[in-house]
Structure formats: structure tokens, C-alpha cells
2 protein chains.
Amino acid sequence: MAKEKKQPRPKAETPKGFRDYFGADVTERAEMLSKIAGVYHRYGFEALESSAVETVEALGKFLPDVDRPNEGVFAWQEGDPEGKADWLALRYDLTAPLARVYAQHRNDLPTPYRRYAMGPVWRNEKPGPGRFRQFYQCDADTVGAPSVAADAEICAMLCDALEEVGIARGDYVVRVNNRKVLEGVLETMGVEDDATRDAVLRTIDKFDKVGEAGVRELLGKGRLDASGAYIDGVGLGDDQAEPVIAFLTSKGEDADTTLANLQSAVGDSLKGADGIAELRQIAGLLAAQGYGPDRIVIDPSVVRGLGYYTGPVFEAELTFEIKDEKGRPRQFGSVAGGGRYDDLVKRFTGQAVPATGVSIGVDRLLAALRETGKSGDSAKGPVVVTVMDRDRMADYQSMVAELRQAGIRAEVYLGNPKNFGNQLKYADRRQAPAAIIAGSDEFDKGIVQIKDLILGAEIAADATLEEWKERPSQFEAPRDDMVARVKEIVDRYS
Amino acid sequence: MAKEKKQPRPKAETPKGFRDYFGADVTERAEMLSKIAGVYHRYGFEALESSAVETVEALGKFLPDVDRPNEGVFAWQEGDPEGKADWLALRYDLTAPLARVYAQHRNDLPTPYRRYAMGPVWRNEKPGPGRFRQFYQCDADTVGAPSVAADAEICAMLCDALEEVGIARGDYVVRVNNRKVLEGVLETMGVEDDATRDAVLRTIDKFDKVGEAGVRELLGKGRLDASGAYIDGVGLGDDQAEPVIAFLTSKGEDADTTLANLQSAVGDSLKGADGIAELRQIAGLLAAQGYGPDRIVIDPSVVRGLGYYTGPVFEAELTFEIKDEKGRPRQFGSVAGGGRYDDLVKRFTGQAVPATGVSIGVDRLLAALRETGKSGDSAKGPVVVTVMDRDRMADYQSMVAELRQAGIRAEVYLGNPKNFGNQLKYADRRQAPAAIIAGSDEFDKGIVQIKDLILGAEIAADATLEEWKERPSQFEAPRDDMVARVKEIVDRYS
């Protein structure tokens with residue numbers, strides 16, 4: 001007989017840079033996002049779930065190239081019977097779709113339009129450790145409100161959201177800065193050409209690392225770095241460097257001091273003064289609602305991402321310490337950021353519409369909750385009802401039904417019941433808090449055996465023989481008491 | 001001066017066949033899915049969120065074609081610097097990814113593996129009214145459990161899920177059938193060639209429309225249909241048609257009667273007998289847990305999708321009546337379906353692994369909940385605090401902060417406050433239950449004006465002048481009573 005030609009088997013693999021999420025990784029994230037959504041909703045924000053697929057034209061930024069599709073996005077040309085072939089792409093963030101949605105539906109949306117959005121985005125980038133090509137974003141934006149009251153509101157909402165998911169007050173701080181202040185600094189320095197401007201911004205970004213003296217050197221002639229290499233400076237005079245130093249060292253004991261220091265950094269710049277006035281307004285609005293400097297501070301060191309923003313910018317940092325890979329303590333760091341940006345929809349409509357928003361780093365915030373033990377409870381496995389006697393399946397099913405009715409997660413073992421050891425191994429793998437055992441003996445006597453698997457594991461790990469005898473991890477119970485006795489075990493470990 | 005050449009503006013449009021979801025459409029679906037997930041979790045099912053993007057190789061079924069990517073899926077060739085170019089695609093359902101995930105991670109997963117998954121899937125199909133190219137699926141499957149106890153469990157879980165989201169007992173029924181019974185019918189008819197087999201199956205599918213006599217004609221010589229056209233029959237003899245008729249009319253008063261009738265339909269077929277035995281076991285297991293025929297029935301008329309399944313099949317139908325587009329009453333119909341299918345991962349591993357599962361039609365179930373008024377509450381808008389005096393923004397912000405702390409959804413109007421009428425129009429558009437109004441007069445007196453917008457709309461619609469006077473929709477309240485008075489309004493309408 002002729003053998004059928006064998007097809008090679010397909011590989012069972014996620015595409016490079018993609019991953020699957022199992023169990024608690026899914027539910028804990030969903031719980032966290034649901035709590036955040038609750039806060040956003042209470043602030044009057046409306047949910048928006050835009051299509052995951054956009055036309056490349058609407059996404060903008062990335063133009064189709066005939067041979068090589070768009071860098072940075074996953075894009076493809078849609079086949080069309082009439083020969084027209086649109087380029088489609090997966091969204092790479094939630095802001096570009098917001099722009100498209102607002103431009104498309106603006107006549108049906110209220111103005112201002114407050115919306116939040118949560119969901120996966122996709123980047124066609126080289127994957128690396130911890131860098132995936134599909135990840136979650138969680139954004140809230142107010143479109144069409146020019147007032148800084150909208151920015152202040154988002155800062156307050158961010159505080160509430162962090163506390164709602166379980167970050168304690170005192171364990172986070174929202175830092176607020178204003179892009180216009182930095183513009184004022186550059187104005188008062190007399191920096192006009194783009195190259196110098198970029199060099200100054202890059203230098204400002206190094207303040208954390210090189211300190212005040214280092215920044216002075218880098219703005220001036222240059223600096224010998226730690227490795228012994230000489231870094232060329234920007235070539236500014238000492239007096240030109242002064243506003244930058246004043247700006248970087250302006251953070252005072254309270255908002256008033258910081259704002260006064262900033263005033264001296266921006267000199268006569270109107271733009272700078274405007275930025276400072278906005279910061280003062282934001283601080284005042286927040287203070288009136290009880291969001292004091294224990295939660296929100298004016299902090300000129302927030303520079304990251306300033307290029308994209310046009311007014312107030314903000315960043316939420318977690319201030320508690322964690323251990324890095326090498327066991328050294330370090331602050332957890334940033335979990336959210338945002339600010340005001342103009343012209344959200346101008347490319348669609350020709351009309352400038354101001355917007356301000358914040359994006360929470362979903363994976364980082366979830367990691368932080370795990371660090372602090374505020375997430376992870378949902379990982380508990382089900383109570384496993386073992387199968388001693390296949391013909392009693394209906395009785396086992398009744399047991400799990402009763403347990404579930406009492407709100408206890410429970411399941412019957414549905415694998416091959418022959419090897420009982422495998423059933424207990426399965427229960428372990430499922431992280432079951434307890435197993436129920438009942439064969440014909442137990443059914444005859446109207447009892448069940450209950451195995452406390454967590455206590456069992458504890459005893460197995462470190463108990464003496466005496467303790468072992470005193471704390472039996474398996475015990476008999478009348479069938480009618482099963483739910484109550486299991487509930488005791490489940491409650492003890494929750 | 002030379003004018004800059006104007007780029008044409010991009011179109012702000014979702015791609016053809018895609019849509020955006022706003023507000024309550026997002027939150028009501030999320031609430032419904034979260035309740036279903038709670039039930040699945042209680043049954044010991046684990047969440048799984050697989051990557052939205054799969055290799056075309058792993059998805060199977062669709063093979064890449066150099067010029068014209070895969071029918072039915074959105075697929076693209078990934079660029080790779082080394083010249084290797086994988087075909088990637090968006091998942092078109094949640095079962096194909098489950099097969100890939102199980103094959104990839106089977107050594108780390110428990111056996112049996114119970115998992116649920118909820119999320120969007122994508123189909124590259126011609127869109128139509130109500131047919132979108134991105135939509136939600138919500139699946140639960142048990143992999144690696146050959147026992148029909150797994151099927152029974154899924155039927156029970158489906159009942160619990162429907163009741164949990166708000167479908168009342170009595171308003172739904174889960175119908176159970178078994179593919180093997182139908183195979184037994186074909187066997188006892190002596191139908192062996194595929195063409196006849198398909199013709200018989202197609203005829204069975206017409207039972208609802210043409211009735212017993214019609215099926216007899218269509219299995220025999222043929223039939224004159226309503227339009228006067230003659231439909232050729234399958235050409236079977238009367239005795240051959242008998243088992244089909246027995247099968248189609250086997251539904252009795254209770255499961256026992258139905259099963260006895262089915263027995264006569266399958267004659268001596270071992271496969272048929274096997275199918276009936278499985279149905280009897282399922283009915284027994286479910287009855288033991290209290291899932292009687294008011295919720296789950298053995299029903300041979302469940303034929304849809306039988307081709308894909310290999311054992312038990314089930315379908316959940318909502319039995320209450322709704323009006324169709326023409327105002328005629330009709331049953332709401334199917335909202336979920338599933339069954340047992342073999343060889344989930346065989347193409348990856350060479351090993352047959354049995355699986356059984358159910359898929360809930362997310363959009364249909366949500367529509368059903370809206371029909372019955374069980375969803376829609378979350379659509380309530382926020383209380384809108386209007387802005388009479390821009391300089392009092394901090395005071396208005398304090399008001400919303402207090403309202404939110406009392407759990408009341410609230411927001412300050414952040415548009416241009418000049419035209420007060422616009423603020424009230426905005427509040428209407430937001431479906432605000434109440435608006436707060438406070439200018440310098442009110443601040444001086446320590447009061448606020450509260451406008452009950454829902455009562456206001458009712459009065460405007462149908463009140464007499466007398467009623468109007470008696471039920472003022474706007475009233476003064478001391479500032480300190482604001483939260484309590486607003487809460488009265490919000491509670492009245494919830």
C-alpha cells in the first residue's frame with residue numbers, strides 16, 4: 001500500500017515577541033483595570049473601545065511603502081475585488097485612534113469629551129527581554145477643554161486611581177511640570193536654533209546623573225565622563241547656563257517657593273510666566289480639593305516626554321523601595337505619565353482641538369501591586385473533589401454544586417481516575433486548598449474525607465512527628481457538614 | 001510668497017466593517033463578561049488570554065498564498081532583516097489559539113485543562129448589516145477529559161452563567177443532543193456514500209420548515225415547494241426514511257421517553273446506542289445536581305453545527321418572545337452553542353486529545369439583556385456642576401470631589417462657561433440626573449441651586465401648570481446639604 005505523504009507538523013509557538021497570559025495574570029489585570037475604570041467613570045469619563053484595526057491613512061505618521069510595510073506598525077494591504085486596496089494596520093497606541101474617533105464622531109460627542117480606553121496595542125518592533133509586541137495601555141483624556149482645570153482633574157483622578165487599586169497614600173507622588181516653563185528658560189537663554197535647543201534638552205535630561213556641576217560643564221565647554229572619555233559641551237556662556245541651573249534646582253519646600261524660583265529661571269519670558277501661572281492655578285485647584293503636596297507636587301525635574309507636550313505635564317512615581325536584579329534597593333519609579341497636547345484632530349479637520357490626558361503603564365502598575373502584596377489573591381485554586389468510584393460521578397457533581405452554591409470555587413477531577421496519586425498531584429498542581437475524598441465506605445457511612453492541602457504542605461515541610469499527630473491535615477466529616485468544614489479551610493487561607 | 005502645497009486631509013473613518021464602541025456599550029459588555037468569568041472561575045476554569053496575533057502556520061486551515069493572502073483571515077508577511085518572512089495573522093476564533101496554546105504549554109498545564117477566554121476575534125469577510133469584521137467571543141473548554149461528565153459540567157455552567165447575567169430561570173433552555181445518535185440513524189438507514197449522507201443531513205435541517213410529511217417527500221421522490229418549484233428528493237425508499245422520521249419526532253415528555261424513542265431510531269447501530277448511553281449519563285449527572293428539564297432537555301432537533309462535533313452537542317436558547325423588525329412576535333433564539341470535538345491538538349503533536357466546550361454569542365446575549373431591561377443601568381450620566389464664575393473653579397472642583405467621595409458620578413463643566421445655556425445643553429447631552437448651579441449670590445448665602453434634570457424633563461413633557469408649581473425641578477439647598485440632596489435625586493432614578 002502506498003503511504004500517504006506526511007505533511008510536516010506545524011510548530012505550536014506564539015509569534016516572536018508575543019505571549020500568552022494565563023490564569024491570575026489575566027484576572028488580576030482585569031481586576032485592576034476594572035477598579036481604574038470605576039474611578040474614571042466616577043469622574044464623568046466615558047468608556048471608548050475603538051477598533052483594533054485602523055486605516056494606515058487615519059493612523060498617520062506611518063505611510064505605506066509598496067515593498068516594505070510600515071516600520072513600527074503591523075500593516076497589510078487589504079484585497080478588494082474592485083482592485084482598490086486599502087492599507088490597514090493594528091493600532092500602536094490609544095491616542096491616534098482617539099484622534100480619528102473624535103474627528104469622525106465629533107458632532108455626536110459632548111464637548112468637552114472625556115473618555116477612557118483600555119486594551120492591547122501592537123508594535124512591530126524588535127522584541128527583547130520584557131519587551132513584547134502586544135501590550136496593554138490604559139488611557140484617559142479630555143478633548144476640547146482648554147482650561148488647566150482639566151489637567152488638574154486628571155492629576156486628582158490619577159491619585160484616586162492609584163489608591164483605588166491598592167497603592168497607599170504616601171507610597172506614590174504625582175509630579176507636575178509645564179512645558180511652557182522650559183520654553184521660557186530657553187527663551188531667556190536666547191537659544192533659538194534647533195540644534196542648540198536639542199543639545200540643551202539632552203543636557204537637562206542628564207541632570208539626575210551628572211548633577212549641577214556636570215550640567216554646567218556640559219552646557220559650557222564639556223566634561224570628562226566617568227569612563228575617561230571627553231564629552232563635548234554645548235558651548236554656551238556661563239550666564240546663558242544660569243537659567244537652566246535655576247530651573248533644575250528650583251524645587252523648593254512647597255509649591256510657592258518652587259514657583260518663585262521658577263520665576264527667576266524664566267526671566268522676562270512671557271511664555272515662561274504663562275507656564276508658571278498655569279502651574280500655580282493647578283496647585284490651587286488641587287489644594288482646594290484636598291490634594292496636597294503629600295500626593296501632588298510641582299516638580300521641574302519632570303522632563304521626560306516634554307517634546308510631545310505643549311503645556312502641563314505629569315508623571316506618577318511609586319516611592320517605595322524594591323530590590324533590583326542584583327539585590328540593591330531602588331525606588332520603583334514611574335507608573336503613569338501624561339500632559340497637554342494640542343491639535344489632536346487638526347490633521348483630519350483643520351481645526352485645532354486641545355487635549356490633555358494620562359496613560360497608566362498597565363504591566364508596571366500590576367508588577368508594583370504584586371511587589372506590595374496587593375494583588376495575587378485571585379490565584380487560589382479550586383477545591384478538588386476526587387473520584388474514587390466512577391459510578392458515583394453524579395454524587396461528586398452534587399458535592400461541587402453545593403460548594404459552588406456556597407461561593408466556593410470547586411471542581412470534580414475529570415481525568416482518568418484509576419491512579420489516585422495522580423488525582424492528588426493534580427490537586428497540588430491546581431493549588432487546591434482542599435481535596436474531598438469519598439468511596440463506597442464513606443458513602444455508606446454518610447461521611448467524606450477532607451484533606452487540608454495547604455496545612456498538609458506546611459506540615460510536610462517542617463512539622464515534627466508530634467505536631468503531625470496533633471494537626472491532622474486529613475479528617476472525616478459528616479457529608480452534611482462538608483460545605484461548612486471546607487469553608488473553614490478556604491476562609492483560613494484567604 | 002510661494003504657497004505650501006497642501007496635503008489632502010486623511011479621512012477620519014473606521015476601516016470598512018469595523019466599528020467603535022462608546023460608553024455603555026463598552027461597560028455593559030464588560031460587566032456581563034465579568035459575571036460570566038466569575039461563574040467559570042467558580043467551576044475551576046482558568047482564564048487564558050492568548051496573543052491576538054498567531055503565525056499562519058499555527059492557525060492552520062489557511063495557507064499563505066504569495067499574491068493573495070488568506071481568505072477569511074487578516075494576514076501579512078512579517079519583514080525580517082535576515083530575509084526570513086513569517087506569515088502572521090489575527091486570530092479568527094478562540095479555539096484555534098487554544099489548540100496552539102495547549103500544544104505549546106501542555107507540560108505546564110494540568111490535565112484536564114479547563115480554560116475560559118474572552119476577547120475580540122477578526123474575520124476578513126465581506127461586512128454587512130450587523131456583521132462586523134471584529135467581534136467578541138466568549139469560550140469555555142475542557143481539554144483532555146474524555147468523560148461526558150465534562151460535557152454535563154459545561155451545560156450546568158452555561159445555565160449558571162445565563163442566570164448570573166440576568167436571564168431568569170424559565171426564560172432559557174439548554175438543549176442537548178449527540179452527534180453519535182445521528183450517525184447511528186445514518187448507519188441504520190444504510191446510507192454510506194457521502195453525497196447521500198450530505199443530502200440527508202440537509203433534509204434534516206429543513207424539518208422545522210417543511211414538517212414530517214415534507215421530510216418524507218424530500219427523502220423520497222421530491223416535493224413541490226411553496227413557490228411551485230419542484231425540489232428533487234434524495235430518492236430513498238420509505239423504509240429507509242423511517243429512522244430519520246423517528247429521530248426527528250423522538251422528543252418525548254421527559255428524557256426517558258425521548259431516549260427510548262431515539263433507541264428505536266438508531267436500530268442496531270452500536271454508535272447510535274453509544275450516543276444514547278452518553279445522553280442518558282448526561283441527563284443523570286445533571287438531574288443529580290438539580291438541573292432538571294426546566295433548564296436542560298435532551299432534544300434531537302439540535303442539529304446545527306453537528307458536522308464539526310463528534311459527541312454531545314448543546315445549544316442555549318432564550319425562550320421569551322421579542323418583536324422582530326416587522327413587529328411580529330418571535331422567540332429570541334440561540335445565544336450559545338458547543339459540543340465535544342476530537343483531535344484538538346493532533347495536527348501539532350500527533351496525539352489525539354479530546355475536548356468539549358461552549359461559546360457564548362456575546363453581542364446576542366447583551367442584546368437579550370437589553371430586551372429584558374437587565375442591562376442599561378450603567379448608562380446614567382454624571383451630575384454636572386456648572387461654572388457661573390470662572391474664578392470659583394476651585395470651589396466647583398471641591399463640590400465634585402465631595403460628590404465623588406459619596407460615590408456619585410460627577411464632573412465640572414470644562415467647556416467655555418460664557419453661555420450658560422450651553423452648559424445646560426451639555427448636561428442634557430450627558431444624560432445628567434442633576435446640575436448644580438452656584439454663582440456669587442449662592443456663595444454669599446452658603447447655598448447651591450440643584451436642578452433635577454430628569455424630573456424637569458418629565459414635567460416639561462406632560463405636566464399641567466399646577467403640577468409644575470407643585471413639583472419644582474429646581475430648588476435651593478444649603479451648601480452643606482448638597483451631597484445629601486443630590487443623592488436623593490440619583491437614588492430616585494437608579
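A few comments on the model shown:
- Residue within the range A:188-210 that is more than 14 Å from residue A:300 (Cβ to Cβ) and in contact with a Pro (Cβ under 9 Å, 6 or more places away or on another chain) present: yes
- Top-ranked residue in the range A:7-22 [being touching a residue at least 40 places away in the same chain (Cβ under 8 Å) and within 18 Å of the chain's Cα centre (by Cα); ranked as surrounded by the fewest Cβ atoms within 10 Å (Cβ to Cβ)]: A:19
- Identity of the residue in the range B:338-347, modelled with pLDDT of 85 or more and surrounded by fewer than 22 Cβ atoms within 10 Å (Cβ to Cβ), that ends up nearest to residue B:143 (Cα to Cα): B:341
- Among the residues of the range B:175-207, those identified as among the aliphatic types (A, V, I, L, M) and in contact with a helix residue (DSSP H, G or I) (Cβ under 9 Å, 6 or more places away or on another chain) are B:176, B:181, B:182, B:185, B:186, B:189, B:191, B:199, B:200, B:201, B:204.
- Within the range A:276-304, the set of residues being more than 11 Å from every other protein chain (Cβ to nearest Cβ), in a helix (DSSP H, G or I) and closer than 17 Å to residue A:252 by Cα comprises A:276, A:277, A:279, A:280.
- Among the residues listed as B:186, B:218, the single one being in the same structural domain as residue B:293 (by TED's automatic domain parsing), open to solvent by less than 20 Å² (accessible area, probe 1.4 Å) and in a helix (DSSP H, G or I): B:186
- The sole residue among B:260, B:241, B:213, B:226 that is open to solvent by less than 20 Å² (accessible area, probe 1.4 Å) and outside any strand (DSSP E or B) is B:241.
- Within the range A:383-412, the set of residues being in contact with a Phe, Trp or Tyr (Cβ under 9 Å, 6 or more places away or on another chain), β-branched (Val, Ile, Thr), outside any helix (DSSP H, G or I) and more than 7 Å from chain B (Cβ to nearest Cβ) comprises A:384, A:385, A:386, A:387.
- Residue in the range B:263-284 that is farthest from the chain's Cα centre (by Cα), counting only those that are among the aliphatic types (A, V, I, L, M) and open to solvent by 10 Å² or more (accessible area, probe 1.4 Å): B:270
- Restricting the range B:348-364 to residues that are within 14 Å of chain A (Cβ to nearest Cβ) and more than 30 Å from residue A:11 (Cα to Cα), the residue that is surrounded by the most Cβ atoms within 10 Å (Cβ to Cβ): B:362
- Residues satisfying the stated conditions in the range B:290-308, i.e. of a type outside the set (A, V, I, L, M) and surrounded by fewer than 23 Cβ atoms within 10 Å (Cβ to Cβ): B:290, B:291, B:292, B:293, B:294, B:295, B:299, B:301, B:304, B:305, B:307, B:308
- Some residue of the range A:102-111 being under 16 Å from residue B:24 (Cβ atoms) and among the basic types (Lys, Arg): no
- Residue in the range B:430-452 that is assigned to a helix (DSSP H, G or I), of a type in the set (Val, Ile, Thr) and open to solvent by less than 60 Å² (accessible area, probe 1.4 Å) present: no
- The set of residues from the range A:244-257 being open to solvent by less than 70 Å² (accessible area, probe 1.4 Å) and of a type outside the set (S, T, N, Q) comprises A:244, A:245, A:246, A:247, A:248, A:252, A:255.
- Test result for residue B:197, assigned to a helix (DSSP H, G or I), on the phi < 0 side of the Ramachandran plot and within 34 Å of the chain's Cα centre (by Cα): yes
- Residue identified as open to solvent by 40 Å² or more (accessible area, probe 1.4 Å), within 19 Å of the chain's Cα centre (by Cα) and at pLDDT 90 or above among A:367, A:316: A:367
- The set of residues in the range A:472-482 being under 16 Å from residue A:443 (Cα atoms) and either surrounded by 13 or more Cβ atoms within 10 Å (Cβ to Cβ) or not assigned by TED's automatic domain parsing to the domain that holds residue A:451 (or both) consists of A:476, A:477, A:479, A:481, A:482.
The values are calculated or read from the model by the stated rules, or taken from the named source; none is laboratory data. This one's a predicted model, so the numbers in the text were calculated from it and none came from an experiment. Glycine gets a Cβ as well: all are built from the backbone with ideal geometry, and neighbour counts include every protein chain shown. Ligands, DNA and RNA are stripped out before the accessible areas are found, and what is left, the full protein with its side chains, is counted by its heavy atoms. Shrake-Rupley method; radii C 1.70, N 1.55, O 1.52, S 1.80 Å.
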